[in-house]
Every structure is written in structure tokens, then in C-alpha cells.
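Undergrad: This structure is in C-alpha cells; I'll ask about it shortly.
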Amino acid sequence: MIELATSESVARAAALIRSGGVVAFPTETVYGLGADATNAAAVAQIFAIKARPSFDPLIVHIEGAAMLDAVAAQVPDPARALLAAFWPGPLTVVLPKSVAIPDIVTAGLPSVAVRQPDHPVARALLRAAGRPIAAPSANPFGYVSPTSAAHVDAQLGARVPLILDGGPCRVGIESTIISFIGATPALLRPGGIGLEDIERVIGTVHLAADAPLPSAPGQLPSHYAPRTPLELVAQLADIPAAARTAAALLLPRPDPAAVGFACVEVLSDDGDLTVVAANLFAALRRLDAAGYTRLFALPVAEVGLGRAIMDRLRRAS
Ligand code: TXA
Ligand code: MG
């Protein structure tokens, strides 16, 4: 059931978490499906509700330095520098895990992904629960992540007792994941913080593809995908008129040449990547539900948030 996030509903959600239950809650990136990260049985419910394969580890959400030290066995200096710069915020760091985190959370890996979210409701929930909260995005495995409480309710509502509604997600795209397990920091998933901003703090970050690290299933080629086939095209001229009539088009900014489509969704007025990211998943869901035969999308430049946007569009296609 969806409930507006108030001090009363957050307190009830925290009690649910402490008693081994599952709660959906807003973060600044996407909505999460959370359980007490120190309770293996509680976390098992997340995998069941999402139909998530057990080999796909979860991100542990924390609030404050004490919780970080409780979940991570060790925090290397470059990781500390990154956290100081971007937490709370859309950054996840992979660190050696502590014994407090059961294997189900990390899919048996000796590492744990940790994030301090920047949403007042997520933070209030973490404080009230007093536990680290393991939470993947609150969507069925492989589908587009939810950026509103209604998105969560539409797909998982029947199986989630409480969905805290904290409004639409400000960032709208998942966190950037940086691993500190290998010899040098590695990017496991582009996300809400641009790689350029991260490299300004810790220097060169390797791309996971050329780093010898456990791959993040968020990197499976098909992920974040709508049911309707989506095609990423280089330019509008690549879409023949006949292919347009029953198709919907997703555009980063208005384009006068976007004619002949059954529907055109414009993600921003001026191509601002922050706005494009914030609107992307809701638009994908809307178009997916509307029953077009195909979806087309045009690219954005792969700088800053554009890297994450293009990553999600490729995996959606
Ligand atoms: O913005 C976000 O990160 C959102 C919100 C809810 O915080 N969460 C999210 O979680 O996107 P999820 O489960 O959809 O994606 C987490 C990714 C997965 O691809 C998983 O494989 C990777 O994090 N991951 C988790 N633990 C890991 C570890 N120990 N090593 C490598 N990758 C890990
Ligand atoms: Mg996910």
C-alpha cells in the first residue's frame, strides 16, 4: 500500500524493517525495496519479490559514519575522499565487507556495495530503523527502475506491505558504482555522478570492462528494459516513414524533424542532461504501457550524466 511519507509512516516503516519486513522507499535516484541488511531472512524476501537471481548482490544503504564502519571491514583512503565529496548522494562504493553483512546480501562476494542516499525520507528511515538497509531498485528484475511510488505499486504493490511515497526522484537514474576491491578504482556502473567529477577527486578510474573484477549484473547487456522493443538510432533520418506510424519516439530535446510518429516524448526543453535523466524512466514506462509496436530513442553526448543515460538506453534496447 502507498502511504505518504510522514514521521508516523516512516516510524512504522522503520518498525517493519526492524522486525524483518520489507518496505519500499524513495531515494534521490530511484525507489528502493529495502530490508534489514543484517537479517538474511529479511533480505531473502527482496530476492523473492523481485524475482532477482541470487547471484546479483544488493546495495547496502547507510546513514552516518558508524553504520559505514559496521558494514565495511575497511575503507581505503581514495574511497574516503570520494565519500567526503559525494555523500550523501548518488554514489555507491564497493568495499571489503564486514562480518555483519550476511552472504545473501553480497551474493557470496567478500565485498559489499555501500551508499548513503540523499533523500530526507530515506535518511529518516535509516535513522529510525537504526540498521543498514539492503535495497535494490524496487522493480521486477531486468525491468526499468521506478522513479515514483506509483511505479512501485503498479508492479510490486501486491507483494509489498508498505510503499513510502516521497514524490518523484530528483536524479532519476541509479547511483554510480565504483569498486575499490581491485588494485585501482573501477567503474562498475555509470550513474548519477559523472565520471569526470569522480576522477577530479581520485584520479583515473578504470572501466569495468578492462578491470579484472566481479561484474555487476546491472551490467548484463539487457537490463533496465521495457517490454516493447526499443531501438537506439544515431539520427532521425535513420527511421523510415513506414516504421514511424505505429512507433513512439523518445527525444532528449525538441526536434522539428520528428514527424510521422504515433507519439513523441520530449525529455527536456533544451537537452539539459539532468532533466533528461530525471524524466527518462517515467517516459519509458509510459511509452511501454501505451502499446506502441516499437520505441525509438536518439542518443545524448556521453559526458557527465550522459554516460549513464546512454548506458541505460543501450541496455533497454
Ligand atoms: O541508485 C541506486 O543505486 C539504487 C537505489 C535504490 O539506491 N539501487 C540500485 O540497486 O540500483 P540495484 O540492485 O538495482 O543495482 C545494484 C548493482 C547491481 O548491478 C549489483 O550487481 C551491484 O550493484 N553490486 C552490488 N554489490 C556488489 C558487489 N559487492 N560487487 C559488485 N557489484 C555489486
Ligand atoms: Mg536495479
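Undergrad: Rounded to the nearest 500 deg cm²/dmol, what is the calculated helix-only ellipticity per residue at 222 nm for the chain, with -39500 (n - 2.57) per DSSP H run of length n ≥ 4?
TA: Result for the chain: -9500 deg cm²/dmol, rounded to the nearest 500.
Undergrad: Using DSSP, restrict attention to beta bridges with both residues in the stretch 2-207 and report what percent are antiparallel, rounded to the nearest 5.
TA: The antiparallel fraction comes to roughly 55 percent.
Undergrad: Can you tell me the 0 to 90 degree angle between the C-alpha axis of helix 40-50 and the longest principal axis of the chain, rounded to 10?
TA: Here the helix axis deviates by roughly 10 degrees.
Undergrad: Let me ask something additional. More than 14 angstrom separation, counting every C-alpha pair in the stretch 43-118; what % is that?
TA: 59 percent
Undergrad: Additional query: Could you order the peptides 266-272, 151-157, 120-126, 236-242 from most to least packed, using the average number of other C-beta atoms within 10 Å per residue?
TA: My ranking of the peptides, most packed first, is 120-126, 151-157, 266-272, 236-242.
Undergrad: Might you report the magnitude of the Cβ-based charge dipole of the chain about its Cα centre, with Lys and Arg at +1 and Asp and Glu at -1, to the nearest 20 debye?
TA: With only Lys, Arg, Asp and Glu charged at Cβ, the dipole is about 660 debye.
Undergrad: Next question, about the same structure. Just to verify a number: what accessible area does Y224 come out at with the full protein assembly present, 1.4 Å probe, Å² rounded to tens?
TA: Around 10 Å² of this residue is reachable by solvent.
Undergrad: Moving on to the next point. Carbon and sulfur together cover what percent of the accessible area of the chain at a 1.4 Å probe radius?
TA: Carbon and sulfur together cover 58 percent of it.
Undergrad: Can you give the Kirkwood hydrodynamic radius for the chain, in Å, rounded to one decimal and based on Cα pairs?
TA: Across the chain, the inverse of the average 1/r is 19.8 Å.
Undergrad: Continuing with the same structure: If you count only protein heavy atoms with a 1.4 Å probe, what accessible area per residue comes out for the chain, rounded to a whole Å²?
TA: On a per-residue basis, 39 Å².
Undergrad: With the dipole of the chain worked out from charges on the C-beta (+1 for Lys and Arg, -1 for Asp and Glu) around the Cα centre, which of F25, A13, I173 lies farthest toward the positive end?
TA: Selected residue: A13.
The values are calculated or read from the model by the stated rules, or taken from the named source; none is laboratory data. Quantities reported herein were computed from a predicted structural model and do not represent experimental measurements. Neighbour counts are summed over all protein chains in view; Cβ atoms, including those assigned to glycine, are modelled from backbone coordinates with ideal geometry. All accessible areas refer to the heavy atoms of the entire protein, side chains included, with ligands and DNA or RNA removed. Shrake-Rupley method; radii C 1.70, N 1.55, O 1.52, S 1.80 Å.
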